[in-house]
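Visitor: The structure under discussion is supplied below as structure tokens; questions concerning it will follow.
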């Protein structure tokens with residue numbers, strides 16, 4: 001990676017949902033889509049010769065296990081793991097999880113882009129401009145899925161090729177706003193916090209965490225969102241990704 005001479009900012013990190021990807025036209029029901037995925041998993045295990053409780057009970061047990069995992073994780077901002085939730089559930093059903101191919105099971109879930117969820121109109125042009133200007137680009141998302149599952153979406157949207165590092169909280173073990181996940185991404189990018197910008201849409205997670213980790217924080221606030229700031233103060237606020245570009249220019253000019 002070649003930076004411009006005296007370039008202050010060397011990396012731009014993004015949240016994923018409602019930052020790079022626009023959820024304003026989402027078509028569907030999250031609970032229903034989750035149920036479909038769980039049914040795919042259920043059929044995988046049954047077809048593999050495992051004996052399970054009836055599917056309605058399986059789905060309810062999954063929901064209870066997942067809710068409990070998120071409640072516990074938020075006490076310390078630990079990362080919730082989809083794999084761990086499923087392993088807990090399967091153990092409760094009497095399966096020997098040591099002999100289960102979890103990657104194969106997760107593939108059976110058939111994760112993919114959701115209906116109506118698309119890129120913001122300027123996502124690819126902005127990522128392309130950042131790349132051509134010599135910035136490293138990272139992604140951090142509070143997702144319990146392993147990164148390879150979210151990569152299915154990134155690949156479908158054409159984003160994957162722009163990213164130099166990408167992390168889910170499920171893989172890292174900490175979620176935003178815990179500073180560790182930011183520092184881990186910066187470690188992968190070989191960039192110090194003061195040389196990085198983070199862009200995200202959730203003040204209490206994205207912005208608070210970026211501020212604590214020492215990055216320049218940019219709140220993404222598109223028209224369909226109205227997040228409460230509370231006491232949290234981003235360094236900048238934008239409503240479209242294109243507005244990030246003059247901010248980077250300003251940061252560079254102030255540095256000179």
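The values are calculated or read from the model by the stated rules, or taken from the named source; none is laboratory data. Since the model is a prediction, treat every value here as computed from it, not as a measurement. Here the Cβ is made from the backbone with ideal geometry for all residues, glycine too, and neighbour counts use every protein chain on show.
Visitor: I'd like to check something: does segment 69-80 contain any residue that is under 17 Å from residue 31 (Cβ atoms), under 25 Å from the mean Cα position of the chain (by Cα) and surrounded by fewer than 18 Cβ atoms within 10 Å (Cβ to Cβ)?
Guide: Checked against the condition, which is being under 17 Å from residue 31 (Cβ atoms), under 25 Å from the mean Cα position of the chain (by Cα) and surrounded by fewer than 18 Cβ atoms within 10 Å (Cβ to Cβ), segment 69-80 yields at least one hit.
Visitor: Out of all the residues in segment 54-68, which are over 26 Å from the mean Cα position of the chain (by Cα) and either assigned to a helix (DSSP H, G or I) or modelled with pLDDT under 95 (or both)?
Guide: Across segment 54-68, the qualifying residues are 55, 56, 57, 58.
Visitor: Then there is this: Might you check whether a residue that is surrounded by 13 or more Cβ atoms within 10 Å (Cβ to Cβ), at positive phi and either in contact (Cβ under 8 Å) with a residue 40 or more places away in the chain or assigned to a helix (DSSP H, G or I) (or both) occurs anywhere in segment 23-43?
Guide: no
Visitor: Please go through segment 200-237 and pick out each residue that is surrounded by fewer than 22 Cβ atoms within 10 Å (Cβ to Cβ), over 13 Å from residue 176 (Cβ atoms) and in contact with a helix residue (DSSP H, G or I) (Cβ under 6 Å, 6 or more places away or on another chain).
Guide: 214, 227, 229, 236
Visitor: Which numbered condition trips up residue 138, out of (1) more than 15 Å from residue 79 (Cα to Cα); (2) assigned to a helix (DSSP H, G or I)?
Guide: (2)
Visitor: Considering each of 61, 11 in turn, give the residue that is touching a strand residue (DSSP E or B) at 6+ places or on another chain (Cβ under 9 Å) and either on the phi < 0 side of the Ramachandran plot or surrounded by fewer than 17 Cβ atoms within 10 Å (Cβ to Cβ) (or both).
Guide: 11
Visitor: So if I check each of 122, 101, which one is surrounded by fewer than 18 Cβ atoms within 10 Å (Cβ to Cβ) and in the same structural domain as residue 175 (by TED's automatic domain parsing)?
Guide: 122
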